[in-house]
Amino acid sequence: MRGAVLYGPRDVRFEERDEPTIIEPTDAIIRLSATCVCGSDLWPYRGIDAPTQPTPMGHEYCGIVEEVGSAVPSIKPGQFVIGSFFASDNTCPNCRIGYQSGCQHRVFVGDAQAPMLRVPLADGTLVATPDVPPDDLIPSLLSVSDVLGTGWFAADAADVKPGMTVAVVGDGAVGLLGVLSAKQMGAARIISMSRHASRQKLAREFGATDIVTERGDEGVARIKDLTNGIGADAVLECVGTRESMMQAIRSTRKGGYVAYVGVPHGVDLDGQELFYAHVHLHGGPAPVRRFLPDLIDLVWNRKINPGKVFDLTLPLDQVAEGYRAMDERRAIKTLLRP
């Protein structure tokens, strides 16, 4: 088969790769219905944490089960399934408290920009939909695999409750779905920090009540202005830079919550400032598996439409253009069809 391989900065190739096979009895093989490019893929694409050798790419996936190992009792060939970027057994102590991305036996699933995918620990990782979905639901179901699951975790980790004021730092796909998640959790006021008209429009569709275009200290001041000098009850940090993290902390009221789900690069926090900020901090790689059943249900019953974040759809063999479009901010998120 052919799939995406990253050779170095801005060098994605679509080339021959080995077709996956069952290696462990806990494996499943999926024929993908859709995959995509993640914002976090842009870090190595731009040369930050770049691979030292050709590396298969992709960690968001959904599709039809082709084959399962002998130790996979609940997942069956023919089912349409969705899984997370971390395979998990869903039985270890970390999994049982809802942190499957910290599973003691976790395996990163990082080669999904291809027609076929091997998923380890399939019984604990994959969740089947009620039936094979209609084609128009596939983008939203794909989003559950990571980008919606991560935005949802951001709102959950920030303890978003009905009536709250929530600010979202970052207008990429995760930030936009953080807006949607906060809306679903009952936030009364949602402030999206964005400088891009198309993303502002989608943020409002997802539930944003206010748009702040300023960044850094000016962005903090603007949020303080909007909240009578107090700050937001909860802030979702969905970028991963030091500037975005400090903007989030400084925009939060005393006793408020900051959730950080942007993969951090160059983030160091001043202990003295953090000490006096008086905020709760919680985040990390999203335990998507915890949320999969509920998010699939919301999508399946058409209560939410997170697939709107995919504003560019390409055949898989044009994956390099998908990366370029996101890198150049011509696309929010690229969906790839094998």
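The values are calculated or read from the model by the stated rules, or taken from the named source; none is laboratory data. Since this is a predicted model, take the numbers as computed values, not measurements. Cβ placement follows ideal geometry from the backbone for every residue including glycine, while neighbour counts extend to all protein chains displayed. Accessible surface areas use protein heavy atoms only, side chains included; no ligands, DNA or RNA. Shrake-Rupley method; radii C 1.70, N 1.55, O 1.52, S 1.80 Å.
Between the helical axis of 173-184 and the dominant principal axis of the chain, each derived from Cα atoms, what acute angle in degrees is found, rounded to the nearest 10? Helix 173-184 sits at roughly 70 degrees to that axis. Take the Cβ atoms of Asp49 and Asp270, set R0 to 30 Å, and the FRET efficiency comes out at 0.80. Shown here is the pair-distance distribution of region 257-338: with all Cα-Cα distances grouped in 5 Å bins from zero up to the longest one, the shares run 3, 11, 12, 13, 17, 17, 12, 9, 5, 2, 0 percent. Compared with the dominant Cα axis of the chain, that is its longest principal axis, helix 216-226 is turned about 70°.
Per the 1.4 Å probe, what fraction of the accessible area of the chain, in percent, lies on carbon and sulfur atoms?
C and S fraction of accessible area: 49 percent.
For region 191-338, the equivalent ellipsoid built from the Cα gyration tensor has semi-axes of 30, 18, 17 Å, listed from largest to smallest.
Mean-square fluctuations from a GNM of the chain, with a 10 angstrom spring cutoff on Cα atoms, peak among Met245, Met164, Met193 at Met164.
Over the residues of region 130-206, compute the C-alpha Rg and express it relative to 2.2 N^0.38 Å. Could the numbers behind the result be given before it?
Details: Rg = 13.0 Å, N = 77, 2.2 N^0.38 = 11.5 Å.
Taking the Cα Rg and dividing by 2.2 N^0.38 Å, one obtains 1.13.
Enclosing the Cα atoms of region 36-128 in their convex hull gives a volume equal to 116 cubic angstrom per residue. Ordering Val147, Ser101, Ser84 by the projection of their Cα atoms onto the charge dipole of region 56-160, which places +1 on the Cβ of Lys and Arg and -1 on the Cβ of Asp and Glu, puts Ser101 at the extreme positive end. Region 244-298: percent of C-alpha pairs farther apart than 17 Å? Of all Cα-Cα distances in region 244-298, 47 percent exceed 17 Å. Stretching Gln104 away from Arg10 to a fully extended chain increases their span by 30.5 nm, per 0.36 nm per residue minus the current alpha-carbon distance. Summary value for region 153-257: 31 percent relative contact order, contacts being C-alpha pairs under 8 angstrom separated by 6+ residues. Remark: the Arg31-Lys303 segment gains 95.2 nm on full extension, using 0.36 nm per residue and subtracting the alpha carbon distance. Share of pairwise Cα-Cα distances greater than 25 Å in region 1-159 is 31 percent (whole percent). Give the Kirkwood hydrodynamic radius (Å, one decimal) of the chain, defined as one over the mean of 1/r across all pairs of different Cα atoms. It is 20.1 Å. Within the straight-line cut-off of under 30 Å between alpha carbons, the lysines reachable from Lys183 are Lys161, Lys201, Lys224, Lys254, Lys303, Lys308, Lys333, sequence neighbours fewer than 8 places apart in one chain being disregarded. Annotation: per residue accessible area for the chain equals 41 Å², rounded to a whole number [probe 1.4 Å, protein chains only]. Here's how it looks for Arg2: its modeled amide H is under 5 Å from those of Arg17, which are all 5 or more places away or on a different chain. Cα convex hull, region 1-85: 105 Å³ per residue, rounded to a whole number.
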